Amino acid sequence: MKKLRLGVIIGGKSNEHEISLLSGYGVLSNLNPEKYSVYVIIISENGDWFLYSGDFEKIKDGRWKEDRENLKDVVMTSSGKLLLLQGRSEFIELDVVFPVLHGLNGEDGKIQGLFEIAEIPFVGSKTASSAVCMDKDFTNSILAQNNINIADWITLRRREKKTFDEMKKKIEKQLHYPVFVKPANSGSSVGTSKVKNAETLEMAIDLAFREDNKILVQKAIEGQEIECAVLGNDDPTASFPGEIEPCNEFYDYEAKYFKPSVLHLPARIGDEAAETIKSTSKKVYNILGCHGMARVDYILDQNGNAWLMELNTIPGFTEISMYPKMLEKMGIGYSELLDSLISLALETH
Ligand SMILES: Nc1ncnc2c1ncn2[C@@H]1O[C@H](COP(=O)(O)OP(=O)(O)O)[C@@H](O)[C@H]1O
Ligand SMILES: [Mg+2]
């Protein structure tokens, strides 16, 4: 069988660059070498594209940058061709690409738009779905209109030029403390704070506005952090939910990647809650027009209500990530999952 020429794109100009390298390592180490000729494309934090042919181990900790003899400058051109820029110019044809990028410029529809223009099949959601799922204000607005449980929230925009007192008044009129303040477009909890009283509100707003021009202030839901893996195109499957027991007060950046938060697989929830979460996950996936994969995150409160937090159209693929683990629990191993995602990409093209 002819091997598929697969471009795996990792890194990216995003505040989740490092996480993408870890996810990329996870994907690269689990791809079946019999099926794919893999081209590793690393996008630097500045947005430069490189074709990398060095050791995968060097990807994890950023040592790839020093491996100059295994790096070539590239750009993506039409019909899925990569143009090598160094020395002589040369085209490399790809059959499909897998962006293993998180957050801005990778998960938000921009690079998906480039693939669509270049007419190259790619893993995951298309431009519009990716952009809507990246923006928590857009996601919440669409899903609330479709009667999905979304915790009450307020959107603040930099261009409204409100003073802190005006923002505070607006927030306190509609919401009670504690609240979460978070950028509309970010990930990995970067720029997110839990605010228990007016004293720390301004700091939290400033922190969130550092990441984005639009931020959300949302009612804090007390409960269990639940995640559900969705895989497929038009008729997707949803995994049994998993649960995260964060080691910090909430699932912040440190609790996600640097401290031992506890994963419970399956989640410690009843069958009824699990069924609701699975069916809601498939429903929102279809409403938002997702393709390939998504991880849908919730907080399940003490009354058994699941409040949708967000959809991640390129979920984590690191060694500790929930998405591949949840599917593994359903009998879909990591390599098999990657095969399915690539088949789904070719199917939609
Ligand atoms: N309204 C909320 N109620 C309770 N916890 C929240 C709320 N919003 C955010 N969080 C906490 O912050 C984490 C990150 O928020 P989330 O909306 O998922 O953004 P990100 O894209 O950064 O993961 C969540 O996993 C949860 O621990
Ligand atoms: Mg999240």
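The values are calculated or read from the model by the stated rules, or taken from the named source; none is laboratory data. Computed from a predicted model, the values in this text were never measured in an experiment. With ideal geometry, Cβ positions are generated from the backbone for all residues, glycine too; neighbour counts draw on all protein chains shown. Accessible surface is based on the protein model in full, side chains and every heavy atom, while ligands, DNA and RNA are left aside. Shrake-Rupley method; radii C 1.70, N 1.55, O 1.52, S 1.80 Å.
Residues are listed down the side, and each one gets a yes or a no for (1) more than 16 Å from ligand 1 (Cβ to nearest atom); (2) in a loop (DSSP other than H, G, I, E, B); (3) farther than 30 Å from A220 by Cβ; (4) touching a helix residue (DSSP H, G or I) at 6+ places or on another chain (Cβ under 6 Å):
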| position | (1), (2), (3), (4) |
| --- | --- |
| L311 | no, no, no, yes |
| I314 | no, yes, no, no |
| I320 | no, yes, no, no |
| P324 | yes, no, no, yes |
| I332 | yes, yes, yes, no |
| E336 | yes, no, yes, no |
| I342 | yes, no, yes, no |
| A345 | yes, no, yes, no |
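Would the stretch 244-260 turn up any residue that is more than 12 Å from ligand 1 (Cβ to nearest atom), in a loop (DSSP other than H, G, I, E, B) and basic (K, R)? Looking for residues that are more than 12 Å from ligand 1 (Cβ to nearest atom), in a loop (DSSP other than H, G, I, E, B) and basic (K, R), one finds at least one in the stretch 244-260, hence yes.
Within the stretch 187-200, identify whether any single residue is more than 15 Å from ligand 1 (Cβ to nearest atom), surrounded by fewer than 18 Cβ atoms within 10 Å (Cβ to Cβ) and touching a residue at least 12 places away in the same chain (Cβ under 8 Å), and answer yes or no.
First, pick out the residues of the stretch 187-200 that are more than 15 Å from ligand 1 (Cβ to nearest atom): 197-200.
Imposing the further condition that a residue be surrounded by fewer than 18 Cβ atoms within 10 Å (Cβ to Cβ) reduces the set to 197-200.
Applying the additional criterion that residues be touching a residue at least 12 places away in the same chain (Cβ under 8 Å) yields 197-198.
Yes, because at least one residue in the stretch 187-200 is more than 15 Å from ligand 1 (Cβ to nearest atom), surrounded by fewer than 18 Cβ atoms within 10 Å (Cβ to Cβ) and touching a residue at least 12 places away in the same chain (Cβ under 8 Å).
When restricted to residues that are touching a residue at least 60 places away in the same chain (Cβ under 8 Å) and either part of a helix (DSSP H, G or I) or among the hydroxyl-bearing types (S, T, Y) (or both), the stretch 270-309 contains 5. Once the stretch 229-238 is narrowed to residues that are farther than 19 Å from G270 by Cα and among the hydrophobic types (A, V, I, L, M, F, W, C), the residue that is most open to solvent (accessible area, probe 1.4 Å) is L231.
Can you find a residue in the stretch 206-228 that is of a type in the set (V, I, T), open to solvent by 40 Å² or more (accessible area, probe 1.4 Å) and not in a strand (DSSP E or B)?
The first filter runs over the stretch 206-228 and keeps only residues of a type in the set (V, I, T), leaving 215, 217, 221, 226.
Still in the running and open to solvent by 40 Å² or more (accessible area, probe 1.4 Å): none.
Looking for residues that are of a type in the set (V, I, T), open to solvent by 40 Å² or more (accessible area, probe 1.4 Å) and not in a strand (DSSP E or B), one finds none in the stretch 206-228, hence no.
Without any contact (Cβ under 8 Å) to a residue 60 or more places away in the chain and within 16 Å of ligand 2 (Cβ to nearest atom): does that describe A229?
It is false that A229 is without any contact (Cβ under 8 Å) to a residue 60 or more places away in the chain and within 16 Å of ligand 2 (Cβ to nearest atom).
Is it the case that the stretch 193-202 has a residue that's among the polar types (S, T, N, Q) and under 22 Å from A255 (Cα atoms)? If you could, list the steps in order and put the result at the bottom.
If we filter the stretch 193-202 for residues that are among the polar types (S, T, N, Q), which is where we start, we get 193, 197, 200.
Now narrow it down to the ones that are under 22 Å from A255 (Cα atoms): 193, 200.
Yes, because at least one residue in the stretch 193-202 is among the polar types (S, T, N, Q) and under 22 Å from A255 (Cα atoms).
Let's see how each residue does on (1) among the aromatic types (F, W, Y); (2) in contact with a Pro (Cβ under 7 Å, 6 or more places away or on another chain):
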{"residue": "A238", "(1), (2)": "no, no"}
{"residue": "F250", "(1), (2)": "yes, no"}
{"residue": "R268", "(1), (2)": "no, no"}
{"residue": "Y285", "(1), (2)": "yes, yes"}
{"residue": "L288", "(1), (2)": "no, no"}
{"residue": "L300", "(1), (2)": "no, no"}
{"residue": "A306", "(1), (2)": "no, no"}
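Restricting the stretch 238-282 to residues that are under 21 Å from the mean Cα position of the chain (by Cα) and small (G, A, S) leaves a set whose member that is modelled with the lowest pLDDT is S261. Taking (1) closer than 29 Å to A144 by Cβ; (2) within 16 Å of ligand 2 (Cβ to nearest atom); (3) touching a Leu at 6+ places or on another chain (Cβ under 8 Å); (4) not small (G, A, S) in turn, M309 satisfies each apart from (3).
Only residues that are touching a strand residue (DSSP E or B) at 6+ places or on another chain (Cβ under 7 Å) and open to solvent by 60 Å² or more (accessible area, probe 1.4 Å) were counted in the stretch 20-38, giving 1.
Filter the stretch 1-37 down to residues that are assigned to a loop (DSSP other than H, G, I, E, B) and under 22 Å from Q112 (Cα atoms), then give me how many there are.
Keep residues of the stretch 1-37 that are assigned to a loop (DSSP other than H, G, I, E, B), which gives 1-3, 12-16, 31-35.
Narrowing further to those that are under 22 Å from Q112 (Cα atoms): 12-16, 31.
Of the residues in that region, 6 qualify.
Evaluate the stretch 93-105: report whether one residue or more is small (G, A, S), closer than 28 Å to K72 by Cα, surrounded by fewer than 17 Cβ atoms within 10 Å (Cβ to Cβ) and at pLDDT below 95. No - not one qualifying residue is present in the stretch 93-105.
Determine whether S79 is surrounded by fewer than 17 Cβ atoms within 10 Å (Cβ to Cβ) and either modelled with pLDDT of 95 or more or not aliphatic (A, V, I, L, M) (or both). For S79, the condition - surrounded by fewer than 17 Cβ atoms within 10 Å (Cβ to Cβ) and either modelled with pLDDT of 95 or more or not aliphatic (A, V, I, L, M) (or both) - is met.
Restricting the search to the stretch 281-299, which residues are open to solvent by 10 Å² or more (accessible area, probe 1.4 Å) and within 16 Å of ligand 2 (Cβ to nearest atom)? Scanning the stretch 281-299 gives L288, R295, D297, I299.
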